[in-house]
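Following: one structure in structure tokens, then a few remarks.
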Amino acid sequence: MIRSFTSVLVANRGEIAVRILRSAADAGFRTIAVYSEADADAPHVALADEAVHIGPPPVRDSYLNTERILEAAARSGAEAIHPGYGFLSENAEFAAACEAAGLVFIGPSADAIRLMGNKAAAKRRMLEAGVPCIPGFQEADAEDARLLDAAQEIGLPLMVKAAAGGGGRGMRLVESFDELPAALAAARSEASNAFGSGELILERALRRPRHVEVQVFGDHAGNVIHLGERDCSVQRRHQKVVEEAPCPVMTAELRDAMGAAAVAAARSIDYVGAGTVEFLLDESGDFFFLEMNTRLQVEHPVTESVTGLDLVDLQLRVAQGHPLGITQEDVRLRGHAIEVRLYAEDVPGGFLPASGRALVWLPPAGAGIRVDHGLSSGLEVSPFYDPMLAKIIATGPDRETARLRLLRALRATVVFGLRSNRQFLIDVLQRDAFAAGEATTAFIAAEYSDGYAEPAPEPQDFALAAVLQLRDEAARSTSLRVVNSPATQAPVQQRRLASSFEYHHEEEDVRATVRATGGERYEAEVLGERYEVAVLVDTAAHALRVDVDGVQSSVAFLCHGRSDIYLQRRGVSFQLSNLLARDRGPGDAAASGAILAPMHGNLLALRVAVGDVVAKGDDLAVIEAMKMEHRLTAALPGRVSAIFETEGAQVAAGAVVLEISPEGTDD
């Protein structure tokens, strides 16, 4: 049955909304965006033909509020709703509500979403359909006692998983039976808060599998095909970091077998639209059903890159009742594509999510490079939403070309004002195991068993920082035009400027003395070494071509205020500030007994009260931020002397949540 529509509302935000809006507009549809108060200035709002305000920043009051989204559809005259991926995209009640309101839901049926949205029910259906599944326990609504008994039968190691939802929430790896009761309690708590259901399943844990997923597509006529596979093995906390297509170890025979299993899974639930069947592939070549995502995936661009298909356009056609228009024989995979997820997060600090203002955002470009993002310079990255900033995708005729292009693109990517995982992604792509195509789901744990430390600045970086801050001071104090040509002499006032800067980086204080010698040339001394620096030309906003001791290179920079500078050279970026302008650091706060919020988020639980005696390492509170729960623990023994926040409150990064008086003190 043909269900024509001419307008599409995208019930999502950020890069997801931008990506879908572009394909919908290219196909000729009138596009409508929705936005919360926090997203009023977001790029997806400006990109749409119309945009409707749907509420305050918290997702329960805006992007997860079915009533407000349906009201927005009615106000804008939308005829169809695309849920994107995330938020309501796998909410069966939302899909049903759209249909009841006379809107076309661009996705599968509510029944298919409901069935596959519960891991226990989905696994039972897959077993019936003959799809290989991991040994485990998937009875509905099992109590802890039954799960403990089942664990003995399954054996170790095993995974505890939330039956509802995904993304690593409500998931725990158990290595010994002594750990199991606590793992069940923690998984239930996290799952209940994230999905509204504490139902759990158990599965045998595979030690070093690959995470391989198959893109499937179905239409209303019952045609179902697959579009090849993606390898998503590089993960942290069960969240994907790097994805690629095709899988580096895939053979034609294995692809046929996995593809057939994925198609069988989709057919067993009369699936319509884009979906992904996820498998674990072990070292012997055996594969097992993991879950089915009843939506478009974040990593779909790598499939688009190797198939030449626009999956959103195909979704729009199928939703109108048109046939797929392609058969399995028409699907050809060409070349290789790799995608990385650029997150706002503190990697050395344990991948904690970050938020703040993106002072400068310069996405990369070049041959074979695609960037999906919803970011702009000056945009506030809110603590209310997922910390992913962008997806950067590189395509090439072979895997190594794609890898090298992606490395080059990441080194050219500039995001100042936020902590990000950009440098970590570069490091991942350079690791021998990844370059050789050998990464499994154990990759990050194995390669970074001792943690990750970001590169330290070199003496030249301090010299350049001082030069650029000197130029900024000159511009501020004299309002003179900064000369960017070596052929033009700077004014006398600028040539006479000289200054010293003292920077603190980790455990080191570094002094840089700089003197302007004229014509945008400078002498800088750092750690006893002298550098001749020349600023040659502005290459773009916040970018310069510089010469240091006869070696030219491009740098990106931002002088923020009078003390801070962001600098990126050779793909490595730093934030530096004058030592005298430093605020008290987290280490000083911890020593004083103050317990700080490590990120913006919701204070989910307080585990202590004023007057309680605590030991070092005791749980004090739980903060929920960007889909994960984070424990605050005591840095020293003592007594809780004050609590400054209440449960349910939104706390800012760096805010003092509570205070501990060290043992033997009364204040």
Report Rg(Cα)/(2.2 N^0.38 Å) for region 135-213, keeping two decimals. 1.01
Antiparallel DSSP bridges in region 346-400: what percent, to the nearest 5? 100
Please work out the Cα convex hull volume for region 225-366 and give it in Å³ per residue. 162
Which of rounded, prolate or oblate describes region 231-285 when judged by the alpha-carbon gyration tensor and an a/c cut-off of 1.5? oblate
How far is helix 144-154 tilted off the main Cα axis of the chain, in degrees rounded to 10, range 0 to 90? 90
In the calculated pair distance distribution of region 329-389, what percentage of Cα-Cα distances lie above 17 Å? 53
Using a 1.4 Å probe on the protein chains only, how many percent of the accessible area of the chain belongs to carbon and sulfur? 48
Within region 223-311, trypsin sites (Lys or Arg not before Pro) in DSSP loop having at most 15 other beta-carbon neighbours inside 10 Å: R237
Percent relative contact order of the chain, based on C-alpha pairs within less than 8 angstrom and at least six residues apart? 9
Cα-Cα pairs of the chain separated by more than 35 Å (percent): 48
Region 303-411: proportion of alpha-carbon pairs further apart than 24 angstrom, %: 43
At 37 °C in a medium of viscosity 0.692 mPa s, region 152-197 has a Stokes-Einstein diffusion coefficient, with Rh taken as the Kirkwood radius over alpha carbon pairs, in µm² per second, of 308
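Antiparallel DSSP bridges in region 1-59: what percent, to the nearest 5?
Roughly 0 percent of the beta bridges in region 1-59 run antiparallel, per DSSP.
Sum up the charges of everything whose Cβ sits under 9 Å from the Cβ of V608, counting Lys and Arg as +1 and Asp and Glu as -1, but leave V608 out. If you can, show how the numbers build up before the last one.
Values: positive: R607; negative: D612, D618, D619.
Residues near V608 contribute -2 overall.
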Would you compute the Debye intensity of region 130-261 from its alpha-carbon atoms alone, equal scatterers and no solvent, and pass along log10 I(q)/I(0) at q = 0.10, 0.15, 0.22 Å⁻¹ to two decimals? -0.41, -0.85, -1.25
Using the Cβ atoms and a cut-off under 13 Å, what net charge is assigned to the surroundings of E532, where Lys and Arg are +1 and Asp and Glu are -1? -3
Report the charge-dipole magnitude of the chain in Debye, nearest 20, computed about the Cα centre from +1 at each Lys and Arg Cβ and -1 at each Asp and Glu Cβ. 1700
For the chain, what is the accessible area per residue in Å², given a 1.4 Å probe and the full set of protein chains? 41
Could you list, bin by bin from short to long, the percent of Cα-Cα pairs of region 86-183 in 10 Å steps? 14, 38, 28, 15, 5, 0
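The values are calculated or read from the model by the stated rules, or taken from the named source; none is laboratory data. On a predicted model such as this, the values are computed, not experimentally measured, just so you know. All Cβ positions, glycine included, derive from the backbone under ideal geometry; neighbour counts span all protein chains shown. All accessible areas refer to the heavy atoms of the entire protein, side chains included, with ligands and DNA or RNA removed. Shrake-Rupley method; radii C 1.70, N 1.55, O 1.52, S 1.80 Å.
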